[in-house]
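Notes to accompany the following structure.
The values are calculated or read from the model by the stated rules, or taken from the named source; none is laboratory data. In this text, all values refer to a predicted model and were calculated from it rather than measured experimentally. With ideal geometry, Cβ positions are generated from the backbone for all residues, glycine too; neighbour counts draw on all protein chains shown. Surface areas here come from the heavy atoms of the whole protein model, side chains and all, with no ligands, DNA or RNA. Shrake-Rupley method; radii C 1.70, N 1.55, O 1.52, S 1.80 Å.
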Amino acid sequence: MYKFALQKTNMSVHREDKKITTHVLHEMKSRGEKISMLTAYDYSTATIIDDAGIDVILVGDSASNVMAGHETTLPITLDQMIYHASSVVRGVNRALVVVDLPFGSYQGNSKEALNSTIRIMKESGAHAIKMEGGEEIIESIKRILTAGVPVMGHLGLTPQSIYKFGTYTVRATENDEAEKLLRDSKLLEEAGCFALVLEKIPAELAKRVADTVSIPVIGIGAGSGVDGQVLVVHDMLGITKQFNPRFLRRYLNLYDEIKGAVQQYITDVKSVDFPNDKEKY
Ligand code: KIV
């Protein structure tokens, strides 16, 4: 379990202190340097992963699942996203902080989308927002970009549409959906999105998109032919035990580590081993 963390320490971690901007991400794509991205929802985690050298931190609406215990990402509110995002921003020195616009805060019309974005930017201090969808939301994306806010797109498996899909299985395996995904990727690039997340689609299709568009393409379950990778931090640290998709690599088994530590604490309290003479005043 721990071998990845140990082997890779000090090897290929980008440790320059230069702040990551959307421009830096474009430079990374141009020189073929892969972009690392993880989610975070709180100050302490953001501090650790920023200090480790992560390039992009996503305050994902996956907070709805891993922080709040909901089955889908739909229930999380704009106020809750702002709370998570402002906590993350306080912990970050270097990474670019991107915040998901939650379900229901942008699908109505472009004015609603812009108002939600302005609240996130003003109240959290984040650097960019992410939105799920292509052609259907292109007017909203353009309006937000006109206001000067960088937008990251998100295509493929878009969890806010889970009730339309009916399942979390791999997307765009059929020609029609793959063609639409290619068209949407071009549309997002032309509209001015600074990057694009592709979730759970065939690796070959994801590579085709990354080779076609000039903006960085970040994959999750989209193979290695893209410009970077993103994972949910609770998944890669092994806090979420039940979630085991093929694309997930676990770098720790924190569920068992934390459970073991808590069990030891309970034993120590009950046996009055804790606190000892050195741990009292
Ligand atoms: O909300 C999230 O964590 C995401 C990633 C899975 C890309 O959108």
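For segment 235-256, filtered to residues that are surrounded by 15 or more Cβ atoms within 10 Å (Cβ to Cβ) and touching a strand residue (DSSP E or B) at 6+ places or on another chain (Cβ under 8 Å), the residue that is farthest from K200 (Cα to Cα) is M236. No other residue among L252, L231 is in contact (Cβ under 8 Å) with a residue 60 or more places away in the chain, farther than 20 Å from F165 by Cβ and in contact with a Lys or Arg (Cβ under 9 Å, 6 or more places away or on another chain) apart from L231. For segment 145-159, state whether one or more residues are without any contact (Cβ under 8 Å) to a residue 60 or more places away in the chain, within 25 Å of I76 (Cβ to Cβ) and in a helix (DSSP H, G or I). Yes, segment 145-159 contains a residue that is without any contact (Cβ under 8 Å) to a residue 60 or more places away in the chain, within 25 Å of I76 (Cβ to Cβ) and in a helix (DSSP H, G or I).
Conditions tested, residue by residue: (1) surrounded by fewer than 15 Cβ atoms within 10 Å (Cβ to Cβ); (2) within 12 Å of the ligand (Cβ to nearest atom).
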{"position": "G32", "(1), (2)": "yes, no"}
{"position": "Y41", "(1), (2)": "no, yes"}
{"position": "S44", "(1), (2)": "yes, no"}
{"position": "I48", "(1), (2)": "yes, no"}
{"position": "I54", "(1), (2)": "no, no"}
{"position": "S62", "(1), (2)": "no, yes"}
{"position": "V66", "(1), (2)": "no, yes"}
{"position": "T77", "(1), (2)": "yes, no"}
{"position": "Q80", "(1), (2)": "no, no"}
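If you filter segment 99-115 down to residues that are in a helix (DSSP H, G or I) and either surrounded by fewer than 23 Cβ atoms within 10 Å (Cβ to Cβ) or not assigned by TED's automatic domain parsing to the domain that holds I141 (or both), you find that the one that is farthest from the chain's Cα centre (by Cα) is K111.
Hey, can you tell me all the residues within segment 165-180 that are open to solvent by 70 Å² or more (accessible area, probe 1.4 Å) and either of a type in the set (D, E) or outside any helix (DSSP H, G or I) (or both)?
Matches in segment 165-180: Y168, T169, T173, E174, D176, E179.
Taking only segment 209-249 into account, find how many residues are charged (D, E, K, R), part of a helix (DSSP H, G or I) and closer than 23 Å to A68 by Cβ. Qualifying residue count, segment 209-249: 1. Say we look at segment 209-223 and pick out the residues that are open to solvent by less than 10 Å² (accessible area, probe 1.4 Å), in contact with a helix residue (DSSP H, G or I) (Cβ under 6 Å, 6 or more places away or on another chain) and among the small types (G, A, S); which of these is farthest from L58 (Cα to Cα)? This residue is A222. As a summary of the residue check, G156 satisfies the conditions (1) over 20 Å from the mean Cα position of the chain (by Cα); (2) crowded, with 16+ Cβ neighbours inside 10 Å; (3) on the phi > 0 side of the Ramachandran plot except for the one numbered (1).
Screening E139 on (1) within 18 Å of the chain's Cα centre (by Cα); (2) open to solvent by 40 Å² or more (accessible area, probe 1.4 Å); (3) not β-branched (V, I, T) shows it passes everything except condition (1).
For (1) open to solvent by less than 70 Å² (accessible area, probe 1.4 Å); (2) farther than 18 Å from V230 by Cα; (3) part of a strand (DSSP E or B), each residue gets a yes or a no:
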{"residue": "Y163", "(1), (2), (3)": "no, yes, no"}
{"residue": "L182", "(1), (2), (3)": "yes, yes, no"}
{"residue": "E189", "(1), (2), (3)": "yes, yes, no"}
{"residue": "L198", "(1), (2), (3)": "yes, no, yes"}
{"residue": "K207", "(1), (2), (3)": "no, no, no"}
